[in-house]
Amino acid sequence: MLGMARGVSRAVRAGRRFERIEVRNASVRLGRHWALRDISLEIRAGEHWLLLGPNGAGKTVLLKLLRGDVWPTPTGREARRYHLRDGEVLAQPLVAAERIAYLGPERQDRYLRYESQLDVAQVVLTGYDDSDFPLQPATPAQQRRIRQVLQQVGLAGCASRTFRSLSYGQRRRVLLARAFVREPDVLLLDEALNGLDGKGRAAFLRALRLASTPRTAWILTSHRRGDAPAGLTHVARIARGSIEDVTDLRVGAVDRSALQTGARPEITPASRRNTQAASVGAGRIRTAEPLLRLYRAAVYREERFVIGAFDWTLERGQHWYLRGANGSGKSTFIAMLYGDLWPAHGGKLERCWPAVDDWKARVALVSPELQARYAATACTVEQIVASGCHASIGLNEWPTAAELRRVRRELHAWRLTGLAARQARELSYGQLRQVLIARAFVRSRRLWLLDEPFDGLDAEARQRFRARLDGAVSRGATVVMATHHEDDVPAGVTRVLTLRRGRAPVVTSR
């Protein structure tokens, strides 16, 4: 098999490059539902596409159909063809696997689930064979290319670090380098800007320009306005598995506001209202009692110093925005507050509910790491939401009738009832993020720990989440949110904790 892959690579280097990818009347059925319906699309050399659509519209499945990772469901009308520059037309996706690079969140999640010990250079090396692990040592030429692409994405000094020791945004840029390493003809970038800070997004777009030739085609999916880079040639919108419209931006001037996926709603600063203490389960806290205190807390991860020693108190009703570059320690800080990490020796952490299980039962967590743990499981949507009743991963026991009623109310509130029987791996990234948010809302929470919570959500889902979060704050909840998008932060969040890798955080106000 390896010899076959190398033979294909030699053929591609000899000049078998893409001219266009053609899909006609293609539909894809996944389980009992149609993910795509009667799709017709052509991607030509040198075109740059932005693909828009709500959660569950079929964006990811369409990218995988183009690459050849999924096959059209036989209907008698479907066609998928790969046109090469020498005039040859291929119906099989073998060459496509060599010439089309795909970057999506599930690969990043996979390395976390495997608890991979690969270093950054090894992860980039896997891009040559599109494998999870290196199949052979890097040749000198490959080593030079790996150094080059890491330089392009701004991670030249990270080649020997373990992939898992990097921040979420840094890992995304490593996978971008992995996609670039083989100099593909087509780049399929699925929500690729998620998790990147301003500097990381600039590095991503710069690398996209540097790695692209005039004939390189790419498709970027996104839910956020402002993610549309310069040089777009087409905008396509997909909904309910069908292409609704395609705009060729090369024909006349286009108002860039048309690229927006939806306006951001203003948030009522509910956190400024006077709120009273409310009971959660069997516990109640006093108004004056802090939720959490840190004394001389410092944190190491993967034997690396991440957060410098500092003192900090989280009072009830205080709302914090965690700010910092990729790698500054925001996700680490959230994990420590939740109870998955502890301060290093000499530091101390005190919670108003000392037992970790009691604490987690009263704390909502939404994070990329939690999503990675669920992404490949056999848990159904209903089971995932039900696990929020006990802050478990999966179900330790079947939910009670009362818990099931709460689960079904949340599924209805998030318009997920029709997905209740689907497994996590059958969902889009944005759909799974909504399921995890429903999991957080399935019981009352005192503290909301949110790590890039809006990533992957379309405009409607973001609006619904912000309104529900506003309601939770009005009932006495406290919010700690880490995000690279300051306009995601509710207006009532007035305290800022700026994290700087290896140093103590800095407290300021918004």
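Here Y128 does not fit the description of being hydroxyl-bearing (S, T, Y), under 27 Å from S222 (Cβ atoms) and within 29 Å of the chain's Cα centre (by Cα). In the set V435, V489, V473, V493, only one residue is of a type in the set (A, V, I, L, M, F, W, C) and modelled with pLDDT of 95 or more; that residue is V435. If you go through segment 159-180 and pick out every residue that is crowded, with 23+ Cβ neighbours inside 10 Å and of a type in the set (V, I, T), you end up with 1. Scanning segment 89-104 turns up one or more residues that are in contact with a strand residue (DSSP E or B) (Cβ under 9 Å, 6 or more places away or on another chain), small (G, A, S) and assigned to a strand (DSSP E or B). Within segment 398-411, not a single residue is modelled with pLDDT under 90, closer than 26 Å to A57 by Cβ and surrounded by fewer than 21 Cβ atoms within 10 Å (Cβ to Cβ).
Residues considered: L322, L337. Of these, the only one that is at pLDDT 90 or above, more than 21 Å from D358 (Cα to Cα) and aliphatic (A, V, I, L, M) is L322. Every condition in (1) assigned to a helix (DSSP H, G or I); (2) without any contact (Cβ under 8 Å) to a residue 40 or more places away in the chain is met by K199 except one, and the failing one is (2).
Every residue, every condition in (1) out of contact with any Ser or Thr (no Cβ under 6 Å at 6 or more places or on another chain); (2) over 27 Å from S222 (Cα atoms); (3) buried (at least 19 other Cβ atoms within 10 Å of the Cβ), yes or no:
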position	(1), (2), (3)
D69	yes, no, no
P72	yes, no, yes
R81	yes, no, no
G87	yes, yes, no
S116	yes, yes, no
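List the helices (runs of 4 or more DSSP H) inside segment 323-392, counting only whole elements, that have at least 3 residues being among the aliphatic types (A, V, I, L, M) and in contact (Cβ under 8 Å) with a residue 12 or more places away in the chain. Qualifying helices (runs of 4 or more DSSP H): 330-338, 368-375, 381-387.
Restricted to segment 168-192, and to residues that are acidic (D, E) and modelled with pLDDT of 90 or more, which residue is farthest from K64 (Cα to Cα)? Across segment 168-192, the extreme among qualifying residues is D185.
Residues considered: T60, T73. Of these, the only one that is of a type in the set (V, I, T) and touching a residue at least 60 places away in the same chain (Cβ under 8 Å) is T60.
Counted as qualifying within segment 435-510 are the strands (runs of 3 or more DSSP E) with 1 or more residues that are buried (at least 22 other Cβ atoms within 10 Å of the Cβ) and not hydroxyl-bearing (S, T, Y), namely 447-451, 478-482.
For segment 193-221, the candidate set comprises residues that are among the hydroxyl-bearing types (S, T, Y) and modelled with pLDDT of 85 or more; within that set, the residue that is surrounded by the most Cβ atoms within 10 Å (Cβ to Cβ) is T221. Residues in segment 452-510 that are under 15 Å from R224 (Cα atoms), of a type outside the set (A, V, I, L, M) and out of contact with any helix residue (DSSP H, G or I) (no Cβ under 9 Å at 6 or more places or on another chain): E460, Q463, H485, E486, D487. Residues in segment 148-176 that are more than 17 Å from the chain's Cα centre (by Cα) and closer than 21 Å to Q117 by Cβ: L150, L155, G157, C158, A159, S160, R161, T162, S165.
The values are calculated or read from the model by the stated rules, or taken from the named source; none is laboratory data. No experiment lies behind these values; they were computed from the predicted model shown. Reconstructed Cβ throughout: ideal geometry from the backbone, glycine too, with neighbour counts over all protein chains shown.
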